[in-house]
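Contents: one structure, followed by commentary.
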Ligand SMILES: [Zn+2]
């Protein structure tokens, strides 16, 4: 692995191409960093933007090595879905800071929250913010220890200004301030004061993107622009009612069949 990786990293750094590399466990990160340091001695990273994805069990030592090479860490809320499984496999104590976000922030390296293109976590930012501040899985299991929980403000910063660094858009996105994009959403609840359990049920009631209203609901519903037809028309998107569905009766979820006749989603089968 090392030889192949070294050639790729050397080519990327020489061309000044920012890169990201996915590594969940410290054992993998250890090997990656050894390669990066070797390349850095010959072709200096010198401020090149690069980052690790996941880094769920990264050690203190490897956080420091990442910092020394100017790297960042992109985290996702995989543990919100897989926390119980992680505890079963590695024990409760090992799950107390997965990933160790507070240590990353204390080291002063860029940290952004996201989804890994929905490969390891849902696109839903409120599920992530709920997990960051409560430390609980979607099933209600406490995973993160209290001293590793983030404040609501810290959590929000990871998802906004934090992530802007990763796309090279620091200073353009992530804050409502003069000179930055004015994309914004009016929310159904006050994220800073609502009850913990409300955080994961927050929705936009007005979304403005690129100067246009692209979504409106509730008291702003009259401003909602018409949606283009969903294509293909059998897509589950046509039936799925959004995360708010979870608060509706289970029988709301009717069976949905794909064009090939396979079942996409099954209702609960209750008599109501
Ligand atoms: Zn990944």
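Taking Cα atoms only, the orientation of helix 125-134 departs from the longest principal axis of the chain by about 70 degrees. Rounded to the nearest whole angstrom, the semi-axes of the ellipsoid equivalent to the stretch 182-227, taken from the Cα gyration tensor as √(5λ), stand at 22, 12, 7, largest first.
Averaging sequence separations of C-alpha pairs under 8 Å and six or more residues apart, then dividing by the length of the chain, give the relative contact order as a whole percent. Intermediate results must be reported in sequence, preceding the final value.
Numbers: 411 pairs, mean separation 28.6, N = 272.
After rounding, I find 11 percent.
Note on residue 154 and residue 197: the model spin-label points, each 7 Å out from Cα along the C-beta direction, lie 2.5 nm apart.
Between residue 173 and residue 93, the FRET efficiency from the beta-carbon distance, with R0 = 30 Å, is close to 0.20.
The modelled label-to-label distance for the pair residue 209/residue 221, using points 7 Å beyond Cα in the direction of Cβ, is 2.2 nm. Once C-alpha pairs closer than 8 Å and six or more residues apart are averaged by separation and normalised to the residue number of the stretch 1-134, the relative contact order reads 23 percent. How large is the translational diffusion coefficient of the chain in µm² per second when you combine the Kirkwood radius over alpha carbon pairs with Stokes-Einstein at 25 °C and 0.890 mPa s? Stokes-Einstein gives a translational diffusion coefficient of 116 µm²/s. Between residue 233 and residue 181, the simple label model (points 7 Å from Cα in the Cβ direction) yields a spacing of 3.4 nm.
Axis angle, to the nearest 10 degrees, between helix 78-90 and the longest C-alpha principal axis of the chain: 60 degrees.
Please report the antiparallel percentage of DSSP beta bridges with both residues in the chain, rounded to the nearest 5.
The antiparallel proportion sits near 45 percent.
Think of it as helices only: each DSSP H run of n ≥ 4 in the chain is worth -39500 (n - 2.57), and spread over all residues that comes to -8500 deg cm²/dmol at 222 nm.
Translational diffusion coefficient, Stokes-Einstein: compute it for the stretch 1-118 using the Kirkwood radius over C-alpha pairs as Rh, at 10 °C and 1.306 mPa s, and state it as an integer in µm² s⁻¹. Walk me through the numbers before you get to the answer.
Details: Rh = 14.8 Å.
Rounded to a whole number, D works out at 107 µm²/s.
Just so you know, all these numbers are worked out from the coordinates, no wet-lab data involved. All values derive from a computational prediction rather than experimental measurement. Glycine gets a Cβ as well: all are built from the backbone with ideal geometry, and neighbour counts include every protein chain shown.
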